[in-house]
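The values are calculated or read from the model by the stated rules, or taken from the named source; none is laboratory data. Values in this document were obtained by computation on a predicted structure and should not be read as measured data. Ideal geometry is used to build each Cβ from the backbone, glycine not excepted, and the neighbour counts take in all protein chains shown.
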Amino acid sequence: MPQNPTGQRIQTFYDRVYEFVRGVPAGRVVTYGQVALELGSPAAARAVGYALSYLPNESAVPWWRVINAGGEISYRNRGISADMQLRLLIEEGVAFGANGKTDLRTYRWWPEG
DNA sequence: GAGATGACGGGCT
DNA sequence: AAGCCCGCCATCT
């Protein structure tokens, strides 16, 4: 983990991504761009996805509740992980249509609200 | 410091 | 509607 000269732990952008995502309740979702926005870097959606790519599937951080702006599962069909994400969300009550999309107006979560 | 990397996003064809 | 293209960002070499 990165540290400053005095040995104190530096909170990187990635750390802040994990912190924010941990606050997303079951049955709700957020988008990559939204997380970036909430963290103060509106255009860092890509970096958000990159940060989540380092998490193991069994992470305490609910990475599966983060989807793209189109209401779809991303992950580029990389192995079984995309299927796992879809399954986990459905188990939590997030409905997906035959087009593979969910309704963000219904399931999107915003902090403090 | 320049170049590469990506689970993105929006605009244009 | 489905791609393609390009800008953006944090990190790592």
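Checking the stated criteria, A:Ala82 turns out not to satisfy the condition of being within 17 Å of A:Glu19 (Cα to Cα) and surrounded by 14 or more Cβ atoms within 10 Å (Cβ to Cβ). The C-beta contact set for the stretch A:39-55 (first residue basic (Lys, Arg), second residue modelled with pLDDT of 95 or more and surrounded by 11 or more Cβ atoms within 10 Å (Cβ to Cβ), distance under 9 angstrom, 6+ apart or interchain) comprises A:Arg46/A:Tyr32; A:Arg46/A:Ala36.
So that you can scan it fast, the table gives a plain yes or no per residue for (1) closer than 14 Å to A:Arg108 by Cα; (2) within 8 Å of DNA strand B (Cβ to nearest atom):
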position	(1), (2)
A:Ser41	no, no
A:Arg46	no, yes
A:Ser53	no, yes
A:Arg65	yes, no
A:Leu86	no, no
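Condition check: at pLDDT below 95 and within 14 Å of DNA strand C (Cβ to nearest atom). Does A:Gly79 satisfy that? Answer is no for this residue. Out of the residues in the stretch A:19-47 that are outside any loop (DSSP other than H, G, I, E, B) and of a type in the set (Ser, Thr, Tyr), state the one that is surrounded by the fewest Cβ atoms within 10 Å (Cβ to Cβ). Checked the stretch A:19-47; the qualifying residue surrounded by the fewest Cβ atoms within 10 Å (Cβ to Cβ) is A:Thr31.
Taken over the stretch A:92-112, the criterion of being of a type in the set (Asp, Glu) and under 17 Å from the mean Cα position of the chain (by Cα) is satisfied by A:Glu92, A:Asp103. With the condition kept exactly as written, say whether any residue in the stretch A:59-73 is outside any helix (DSSP H, G or I), without any contact (Cβ under 8 Å) to a residue 12 or more places away in the chain and over 14 Å from the mean Cα position of the chain (by Cα). Among the residues of the stretch A:59-73, not one is outside any helix (DSSP H, G or I), without any contact (Cβ under 8 Å) to a residue 12 or more places away in the chain and over 14 Å from the mean Cα position of the chain (by Cα), which makes the answer no.
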